[in-house]
């Protein structure tokens, strides 16, 4: 492809190719009328023609990516990372998100319910929440010196989290109390984790329920007895009548046989 | 800060007028030379190709700059370096071009090199004559364009860049070549007969109007007196006759 140099200026030349296209190119000491073969063309895209829908989409793509990333990160941060059970006497399950903040606390027994009543865990770190709940348990009398605290992870592979929690609680309690902390991993058997005292409490609660049930049963039984006696009287009357009929039938049959 | 603001204003004006850009580049030539010298690791002289590349890169910077790209001079420096890299690559791509001393034949123990078969003085004279004729024709062409209120830079700015638009232009040329009366009408009225072109070629009025300046230039070349230019763009016209 050859180009004719149409116009020469200090910083550029206008050239015409064999296709009839005009270009600006670098002026390598050219003169008007020169035929050149390898010009260095000034390549500028037409801005007007570039304003297509696609170009707008291209421009918006980074913004969309950032929005998705921020939104996605937010969703990720707020999603559940792990949960663990804090058992003193009150038993609560603490659920934490990817920012190690407590997402929710669920009471697993009545004392647990009283322990977390009116307690605000919003935007708090799981270690802070656990520490505060232990202190509340001490204040409310659920936990005393020489007491036990058990923590069981309900999510697999959370050893770091578990260790940090152990260290935090240990540092917090060692100066003032002689409380023992038992840490249980995800894989530990539930039997190991269950505390005998707790079972007794739960059993007592169950016994109470059973007793109540029995009392109710007694009342029901008493009502039933009255009903039964009345019914039996009625039934007895009915039976007598039936017996009479049967006896008559038997008499008739005997006569026929004879 | 204020100086940078003034440069941006200057760039804005220059981006709309290539002649203003040319003036601005002459003003900033020391800056361009400094960047080139830094790149080639030696002095940048006026007649060096690298300085020409630096200048055309500065044109590109003027045309494509917007404030979101930061400081103009930093942007220009970046483009100068980029284009010099492009130029260096292009240069190395052609470095294997055949030398004049290449032996092309071996007969009777005489080595025949390219130097022996390059054009003789007569040919060179012919070339000079042809070049002068072209220059003369171009001067006339520029003068003729002025009658239509146009400059060559207007034509270069108005030249279609998209292949589809260029195909539409070819359809218009084809129609004009088969209907030479259109050229007469254009020369008499000193303006492009847009209505006739739209009706005859079937190309949309919008496309023809948008590339009016370019069409005037190309159709002018088809009129008498521009044999060299017409011969040059024969590729454009070849095969387009219906």
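Candidates B:41, B:74, B:19: the one that is at the interface with chain A (Cβ under 9 Å from one of its Cβ atoms) and more than 16 Å from residue A:25 (Cβ to Cβ) is B:19.
For residue A:170, the criteria (1) part of a helix (DSSP H, G or I); (2) at pLDDT 85 or above; (3) surrounded by 15 or more Cβ atoms within 10 Å (Cβ to Cβ) hold in every case but one, which is (3).
Looking across B:228, B:208, B:218, one residue alone is over 27 Å from residue B:139 (Cβ atoms) and surrounded by 13 or more Cβ atoms within 10 Å (Cβ to Cβ). It is B:208.
Within the range A:14-35, can one find any residue that is over 24 Å from residue B:126 (Cα atoms), surrounded by fewer than 18 Cβ atoms within 10 Å (Cβ to Cβ) and facing chain B (nearest Cβ under 7 Å)? Among the residues of the range A:14-35, at least one is over 24 Å from residue B:126 (Cα atoms), surrounded by fewer than 18 Cβ atoms within 10 Å (Cβ to Cβ) and facing chain B (nearest Cβ under 7 Å), which makes the answer yes.
For residue A:102, the conditions (1) assigned to a strand (DSSP E or B); (2) within 14 Å of chain B (Cβ to nearest Cβ) all hold with the exception of (2). Could you go through the range A:59-82 and let me know if any residue there is in contact (Cβ under 8 Å) with a residue 24 or more places away in the chain, buried (at least 20 other Cβ atoms within 10 Å of the Cβ) and under 30 Å from residue A:139 (Cα atoms). For the range A:59-82, residues in contact (Cβ under 8 Å) with a residue 24 or more places away in the chain, buried (at least 20 other Cβ atoms within 10 Å of the Cβ) and under 30 Å from residue A:139 (Cα atoms): present.
Would you check which residues across the range A:103-124 are within 17 Å of residue A:149 (Cβ to Cβ) and within 13 Å of the chain's Cα centre (by Cα) and list them? Result: A:105, single match. (1) under 20 Å from residue A:43 (Cβ atoms); (2) within 12 Å of chain A (Cβ to nearest Cβ): which one isn't true of residue B:26, the others all being true? Here residue B:26 clears every test but (1).
If you go through the range B:80-93 and pick out every residue that is away from chain A (no Cβ under 11 Å) and closer than 12 Å to residue B:35 by Cα, you end up with 3.
Across the range A:1-44, the number of residues qualifying as in contact with a strand residue (DSSP E or B) (Cβ under 7 Å, 6 or more places away or on another chain) and part of a loop (DSSP other than H, G, I, E, B) comes to 12. Checking each residue in the range B:145-187 for being away from chain A (no Cβ under 14 Å) and either in contact with a strand residue (DSSP E or B) (Cβ under 6 Å, 6 or more places away or on another chain) or not in a helix (DSSP H, G or I) (or both) picks out B:148, B:149, B:179, B:180.
Right, residue B:196: without any contact (Cβ under 8 Å) to a residue 24 or more places away in the chain, assigned to a helix (DSSP H, G or I) and within 12 Å of chain A (Cβ to nearest Cβ) or not? Here the answer is no, as residue B:196 does not meet what is asked. Residue count for the range B:176-200 satisfying the condition of being within 19 Å of residue B:145 (Cα to Cα) and either surrounded by 14 or more Cβ atoms within 10 Å (Cβ to Cβ) or in contact with a helix residue (DSSP H, G or I) (Cβ under 9 Å, 6 or more places away or on another chain) (or both): 11. For residue B:223, the criteria (1) farther than 22 Å from residue A:6 by Cα; (2) surrounded by 13 or more Cβ atoms within 10 Å (Cβ to Cβ); (3) modelled with pLDDT under 85 hold in every case but one, which is (1).
The values are calculated or read from the model by the stated rules, or taken from the named source; none is laboratory data. Note that the structure is a prediction, hence the values are computed from the model and not measured. Heads up, the Cβs are rebuilt from the backbone with ideal geometry, glycines too, and the neighbour counts pull from every protein chain shown.
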